[in-house]
Amino acid sequence: MSLYDKRRAETRRAASIFLAPVIILMLIYIAYPIYDSFNISFFRWNGITAGRAFIGIQNWLDLMRDSSFWASFKNNVVIMILSIVIQIPIGLALATFLDFGGKKLNVFKVIWFVPLLMSSVAVGFLFRYALATNGGLISTIFGWFGGGNIDLLGDPNRALLTVIMVICWQFIPFYMVYFMAAYTNISFDIYEASIIDGATRGQYFLNIALPLLTPAMKSAAILSMVGSLKYFDLIYVMTGGGPGTSTELMATYMYKQSFKNFNMGYGSTVACGMFILISLMALITMRLLNSGKED
Amino acid sequence: MKSQRLIAMAITAVTALSMTAGCAGGAGSTSGGGTDTNTADTNAATEAPAVESSESKEIIFWNIAVESPDKEIISYAVDQFNANTTSGYTVTQIPTQNDTYKEKLVIAMSSGECPDIYTSWSGGPMNEYIEAGFAQPIDDLVNASDIKDKLMEAAWAQGQYKGKQYSVPTYNISISGVFYNKEMFDKYGLKVPNSVSELEAICDTLVENGITPFALANASKWTGSMYFMSLATRFDGLEPFNAAADGSGSFEDESYVYAGEKIQEWVGKKYFPDGVNSLSEDDGQAKQLMYQEKAAMLLCGSWYTGTFQTDSPEFYEKIGWFSFPAVDGSSSDPSIQIGTIGDQFLQFNITGDKLAAAFEMATYYSSDDAIKLMVDSGKIPPVKNIADLVTDPVTKDILDACLNASSTQLWYDQYLPPAVAEVHKDTSQELFGLTMTPQEANAKLQEAMQSYLADK
């Protein structure tokens, strides 16, 4: 017994030594900044002066009433819904195609994966040129068929949709790989058994593979949801939230407030508001998705 | 199932956290840096930074000179200083692209990493930097130096705040005006306009001939602001703006309604390129339209002379310039110019010997050789004898407009406090996108101005 205790104590010590670096880093770079953002959100502070004025919950009251913030939240929700609706089915379709096709389709696997390898900033610049109204790819192609220039990023009614399409272009490969990994988790025996029992490929996919992939789809949906709610880089590069505020997201709004408007206190409030909103939505969604499973 | 759920939960938690950590990271380190400078500023500004300066003999100089000819001009003084100085210091310069620079500087300051010398456009942001203690007064150094009498009074005045000199003007007088393609004007029998209605007649002729009248890349927002400022100023002079900015007037004044309505009328008449709000100034999409001869005019800052000259000396031959024409029937003085006298102002975030060394570097910008280099590359350095130095015909026109101006107004987006300036740029972009009426846009701007004045 004493040997067992000794071993446990040793394991604990070893574990704490191994965990220490991670925990320290997480405390410094995650826990403390979150605490400090909440702290700053109670001050009026331009971000560069030494003094800050404590103003209680004034920033939070402003945030509740700030129509710009809620408009950007709405844009985030649009991105979220369309991302889930577009990215996951297409990702699943590509993964299914590759899974059924086997080795001879490896070429597609590589080509389709490429967008994910590029940095968002590069993707943003690439599409800014490709979608340019004068001399861009889309406008030029339309020109061949006698159409005029198409203003995709400068028209407030189209800009958000255009950017969403680019986001999908970039992230569909991620879900493709995600579902391909999920497919490898389905034992080959199951496939064989279903074929022996006379199932067609379509039946196998609908009645066997799909139910087995549901857990993967759920976590993919949550990933996509959180990803779209905190989205920043591509929008910042492509439109900067414009034209006007038609593609403004919570994260770009936060950035604008903090670093362009010299309004760090309020910017921190926006960041904390995002944190609360995203956590709440993620928790509720997870609850909803898993509720069916409990009984 | 349980483990799946756990994994999902863990992933969510980590992604959600990393988001806030990313943005709060800047803010977090801010407080640390802020307190450092805190002690330095509140006391007589000499003590704390002096300790720092004895540690390092390197002076860090941030600027926006990434492209020719600015690159050569900025480097000139730095190289001269490093080669000739006896102060024992060396200057290292770090250039950053224009729009990125403004944000990079704020982030650096908020984390206590403010460079020793940095450039600004003066106006509202400069005042914020000074208020925050990131600039030192240099009156003594200026008074002792021979560049005090060399540079224009107006240029020095633009670098002052609350009666003290904080900034050194450097290399360019820039005013807003219209560059036009002379060949195209000849081809269609057009003449330089004296009134807005004449300008509109020119635009109509150009549109009929399939040419875009104005090259404008308004994704950058401040570019469209040029039209707003010019129209409002020509409608009723500078009084409405000064009143609106100090709170005694309003941005809902009729001159801003006029500016907004004109812009929207012009958008409707196709005076601007398709997708104007998606074109980016930083990517050079406005000047490309000029080079491709798809557009005939460009209303922008006069720094464009240097840009045209560097990009294509042949194309520059075709370029002419005129000041924005008068509004028909307005009594406003059409000689008023909008722009900056001595653009790129240097602020110094150091003290003692190091400040003296940095100032010595800044004086090289006013040396005869540097001035010659500036003039040769199409700049208009803010020196008193500038009229004798300029020979280039376009630059001469611009200079005449400057020297004859009854007054000069700094760019709105630089003069206004940053939070209001951002709203101004957003609303002027909305005007071009026809997504707001002039009344809505002006009301929004006025609201931002009022909330700034209320917080002050």
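None of the figures in this text is laboratory data; all of them are computed from the coordinates on show. All figures in this text were calculated on a predicted structure; none of them were measured in a lab. Here the Cβ positions follow ideal geometry from the backbone for every residue, glycine too, while neighbour counts run over all protein chains shown.
Straight Cα distances below 18 angstrom link B:Lys71 to the lysines B:Lys102, B:Lys372, B:Lys379, with same-chain residues fewer than 8 positions distant left out.
When A:Asp155, B:Asp368 are sorted by how many other C-beta atoms sit within 10 angstrom of their C-beta, beginning with the fewest, the order is B:Asp368, A:Asp155. Using equal-weight Cα scatterers in the Debye expression, the normalised intensity of region B:345-413 in log10 at q = 0.11, 0.20, 0.21, 0.27 Å⁻¹ is -0.38, -0.92, -0.95, -1.15.
The calculated pair-distance distribution of region A:60-294 uses every alpha carbon pair, bins of 5 angstrom beginning at 0, and gives 1, 6, 12, 14, 15, 14, 12, 10, 7, 5, 3, 1, 0, 0 percent. All other residues whose Cβ lies under 14 angstrom from that of A:Lys6 are scored, Lys and Arg at +1 and Asp and Glu at -1, for a net of +2. Fewest-first ordering of B:Val375, B:Val423 by other beta carbons within 10 Å of each residue's beta carbon gives B:Val375, B:Val423. The tail of the calculated P(r) for region B:95-187, taken as Cα-Cα distances beyond 24 Å, holds 36 percent of the pairs.
Determine the alpha carbon to alpha carbon distance for each of B:Lys164/B:Lys425; B:Lys384/B:Lys425; B:Lys221/B:Lys396; A:Lys256/B:Lys354; B:Lys269/B:Lys396; B:Lys150/B:Lys287 and list only those over 31 Å. Intermediate results must be reported in sequence, preceding the final value.
On the way: B:Lys164/B:Lys425 29 Å; B:Lys384/B:Lys425 33 Å; B:Lys221/B:Lys396 29 Å; A:Lys256/B:Lys354 34 Å; B:Lys269/B:Lys396 33 Å; B:Lys150/B:Lys287 34 Å.
Cα-Cα > 31 Å for B:Lys384/B:Lys425; A:Lys256/B:Lys354; B:Lys269/B:Lys396; B:Lys150/B:Lys287; rest within.
Using r as the Cβ-Cβ distance of B:Asn385 and B:Phe315, and R0 as 22 Å, what FRET efficiency do you calculate, to the nearest 0.05?
The computed FRET efficiency comes out at 0.15.
Listed by chain and number, the lysines whose C-alpha is less than 26 Å from the C-alpha of A:Lys218, apart from same-chain residues fewer than 8 away, are A:Lys74, A:Lys109, A:Lys230, A:Lys293, B:Lys2. The Cα trace of the protein assembly as shown gives Rg and Dmax of 29.5, 105 Å, the first to one decimal, the second as a whole number. Counting beta carbons within 10 Å around each of A:Lys260, B:Lys379, A:Lys74 and listing the fewest first gives the order A:Lys74, A:Lys260, B:Lys379. Taking the helices alone, the protein assembly as shown has a mean residue ellipticity at 222 nm of -19500 deg cm²/dmol, built from -39,500 (n - 2.57) per DSSP H run of at least 4 residues and averaged over all its residues. Taking a ≥ b ≥ c as the square roots of the eigenvalues of the Cα gyration tensor, region B:71-120 is classed as oblate, since a/c reaches at least 1.5 and a/b does not exceed b/c.
Across every pair of non-identical alpha carbons in region A:51-191, the mean reciprocal distance, once inverted, gives a Kirkwood radius of 18.5 Å.
Counting alpha carbon pairs within less than 8 Å and at least 6 residues apart, what relative contact order, in whole percent, applies to region A:60-294?
It comes to 28 percent, rounded to a whole number.
For chain B, what relative contact order do you get, as a whole percent, if you take Cα pairs closer than 8 Å and at least 6 residues apart? Walk me through the intermediate numbers first.
Working: 731 pairs, mean separation 110.5, N = 456.
RCO, chain B: 24 percent.
Note on A:Thr140 and A:Leu19: the model spin-label points, each 7 Å out from Cα along the C-beta direction, lie 5.7 nm apart.
The distance from the alpha carbon centre of region A:1-59 to that of region B:281-342 is 54 Å, rounded to a whole number. Computed log10 I(q)/I(0) for chain B at 0.06, 0.08, 0.10, 0.12 Å⁻¹: -0.29, -0.51, -0.78, -1.07, from the Debye equation with unit scatterers placed on every C-alpha and solvent omitted.
Within a Cβ distance under 13 Å of B:Leu453, other residues only, what is the Lys/Arg minus Asp/Glu net charge? Surrounding charge for B:Leu453 is -2.
Where both residues lie in the protein assembly as shown, what percent of DSSP beta bridges are antiparallel, nearest 5?
Numbers: 25 of 38 bridges.
That works out to approximately 65 percent antiparallel.
Helices in chain A that qualify as membrane-span-like (whole DSSP H runs, Cα extent of at least 30 Å along the helix axis, mean Kyte-Doolittle hydropathy of -1.0 or higher) are A:2-26, A:67-101, A:156-185, A:264-294.
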